[in-house]
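See below for the structure under consideration.
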Amino acid sequence: MQDQVDQIKLRGEKRVTAINSFLTFKERKQLIANLEAYRFIFLSPEMLNSNEVLQKLKEIGIGLLVIDEAHCISQWGPDFRPDYLRLGHLKKTLGSPCTLALTATATEEIRKDIAKKLNLNNWKEWVYSVNRPNIALEVNTFNDVAQKENKLLLLVQRNTAPGIIFFSSRKKAEEMQAAASARHVSCSVYHGGMETDQRILIQQQFINGQLDWIFATNAFGMGINKNNIRTVIHFHMSSSVENFLQEIGRAGRDLKQAHSILLYSANDEFIPLQLAELEKPALEQIENFYSMFKRDMPINEIQEKLMLTDTQVRVLRYYIQHEPAEHWAERINHLLEKRVNSKKEKVMEMKSYIETDSCRRAKLLAFFEESPSAEADHCCDNCGIGNMVMNREKSSYKEVNWKEKLDRLLIKNE
C-alpha cells in the first residue's frame, strides 16, 4: 500500500494516505482523527473491521469504494480471505457508495461470486485478456531437489535481472539466498517472518535498483510498481494457475521482453496439496469452536485450546456470525471440505501446465476460456523461445567489507 501512496504523491496528488500496520498507535490515532484531509485513503479489509475507522469513514462520506485483489472475496478463489467477505456488509454501512472491484485473474465463476458477495445489483463488467505476450514461458524439470538448487544458482548468475524467485518455504528461501550471496549475487530475502522495517528497507532497495534479486515468499510484490522486472523464477510450483499468473505478471510491466521460469522436481505438488489439507480444521475442532464461542469464551483462549491458526479462527468466526445455527458444524465442515477439494483441483491444474507438451500459453489461457490472439515472439519452451535479447540492468549495489561500512557511518578525524 505504501508504494502505491508514494506513486500517487509523485504524480502530484499529496492528499493520499494509508492506514496500515507500519504506523505506531499514536500515528494511527492522529491519522484517523484527520481523515477528512485526504482524497484517497488506502487500507486493508482487516482495518475496516475497526469501529473507530468505520465510524470516521461514515462521517466523512465515501464517494468511491475500490476493492483491489477482489478475487479474495470468493470462497472458491485461491486467495480467499474471510475479512473480504465482510465487504458487502461494510459497503452497506458506508452508504452503498459506487464500487469498483479489480482483479487480474478471476474465472467467470469467481467473478459472479464476487458480485454476489458484494451485493451488486446493477453492475457492469469489463473483462480483458490475461495474456502477457511479452513474457516467455519456460519449465525446467529435475529428478531431485539438489539438481534444482544448482540450476537456480546458475540462473541468478546468468539470467537477466532484476528478478524475483518465489518459494513456498521461508527456510528454503533463506537457504538459497545465502548460497547465491556467497557467489557474489546481489540479492536479499523477503518473507512475512521478518521485522517490518527490514521488509520495507529490502523492498525499497529492490525498487531503487540496489538489489538484483529477491528470494521471497508470495507475500512479496503485491502493490509494488516496479515495471522493469525481467525474470520471475518459481523454485516451488504455485498452488493454482490464478496465483501463477499473478506472480509472473510482476515481470515486464514496461512491455519489454521478460521471462518466466518454473523449476519442478518430482512430487513438488505434494507441498501445496498438503497445505490445502492443513488449512481445514477437523470436525471435532469445528464443533468445539461453536460450543466455546457460544459460551462467550475469549477468542484467544479458544484458539489456544483448539490449536487453530489465525486464518482458521477468522473463517469459523465469520461463518458462526453469518450462518444459521441448525447443524452448523456439519454444514461448515462440508463447506470447508469442498473448498479443500477445490484447492486440490487447482494444484493439479497447475501440474497439468507443467506437464504439457503443447503450447504453454494456450494451456494457461484455456483456464480462462481464452486462446492466444496472436503468436508471441518468444512464446514458450515447447513452441520455441529462441535467443531472447534482454539488456541486463545491473544493480548499483556494491559489496563492501565492515571497515568500509564503518567509515561511511563515522566521521574520521584527519
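The values are calculated or read from the model by the stated rules, or taken from the named source; none is laboratory data. Since this is a predicted model, take the numbers as computed values, not measurements. Don't worry about glycine lacking a Cβ; one is built from the backbone with ideal geometry, like all the others, and counts go over all protein chains shown.
List of remarks:
- Every residue from region 52-65 that is surrounded by fewer than 14 Cβ atoms within 10 Å (Cβ to Cβ), in contact (Cβ under 8 Å) with a residue 24 or more places away in the chain and not charged (D, E, K, R): 60, 61, 63, 64
- Residues that are under 14 Å from residue 161 (Cβ atoms), part of a loop (DSSP other than H, G, I, E, B) and not basic (Lys, Arg) within region 209-226 comprise 209, 210, 211, 212, listed in sequence order.
- Yes/no for residue 290 being in a strand (DSSP E or B) and touching a Phe, Trp or Tyr at 6+ places or on another chain (Cβ under 9 Å): no
- Qualifying residue in region 27-39 (condition: part of a helix (DSSP H, G or I) and in contact (Cβ under 8 Å) with a residue 60 or more places away in the chain): no
- Per the listing 172, 116, 151, the residue uniquely more than 20 Å from residue 233 (Cβ to Cβ) and among the basic types (Lys, Arg) is 116.
- Filter result (within 14 Å of residue 62 (Cβ to Cβ) and in contact with a helix residue (DSSP H, G or I) (Cβ under 8 Å, 6 or more places away or on another chain)) within region 26-46: 35, 36, 40, 41, 42, 43
- Among the residues examined, residue 14 does not qualify as surrounded by fewer than 16 Cβ atoms within 10 Å (Cβ to Cβ), part of a helix (DSSP H, G or I) and either within 26 Å of the chain's Cα centre (by Cα) or on the phi < 0 side of the Ramachandran plot (or both).
- Which listed residue is at pLDDT below 95, crowded, with 19+ Cβ neighbours inside 10 Å and not in a loop (DSSP other than H, G, I, E, B), from 277, 247: 247
- Only one entry in 120, 100, 137 is within 30 Å of residue 350 (Cα to Cα), touching a residue at least 12 places away in the same chain (Cβ under 8 Å) and surrounded by fewer than 18 Cβ atoms within 10 Å (Cβ to Cβ), namely 100.
- Residue 348, sole failed condition from (1) assigned to a helix (DSSP H, G or I); (2) among the aliphatic types (A, V, I, L, M); (3) over 18 Å from residue 284 (Cα atoms); (4) modelled with pLDDT under 95: (4)
- Of all residues in region 105-115 being surrounded by 12 or more Cβ atoms within 10 Å (Cβ to Cβ) and not polar (S, T, N, Q), the one that is farthest from residue 89 (Cα to Cα): 106
- Just one of the listed residues (50, 44) is among the polar types (S, T, N, Q) and over 22 Å from residue 197 (Cβ atoms), and it is 50.
- Inside region 302-314, residues that are within 15 Å of residue 288 (Cβ to Cβ), touching a helix residue (DSSP H, G or I) at 6+ places or on another chain (Cβ under 8 Å), assigned to a helix (DSSP H, G or I) and not basic (Lys, Arg) make up a count of 5.
- Helices (runs of 4 or more DSSP H) lying entirely in region 86-166 (those with 2 or more residues that are in the same structural domain as residue 55 (by TED's automatic domain parsing)): 87-93, 108-117
- Subset of region 318-345 [in a helix (DSSP H, G or I), farther than 26 Å from residue 46 by Cβ and not charged (D, E, K, R)]: 334, 341
- So residue 357, is it at pLDDT 95 or above and assigned to a loop (DSSP other than H, G, I, E, B): yes
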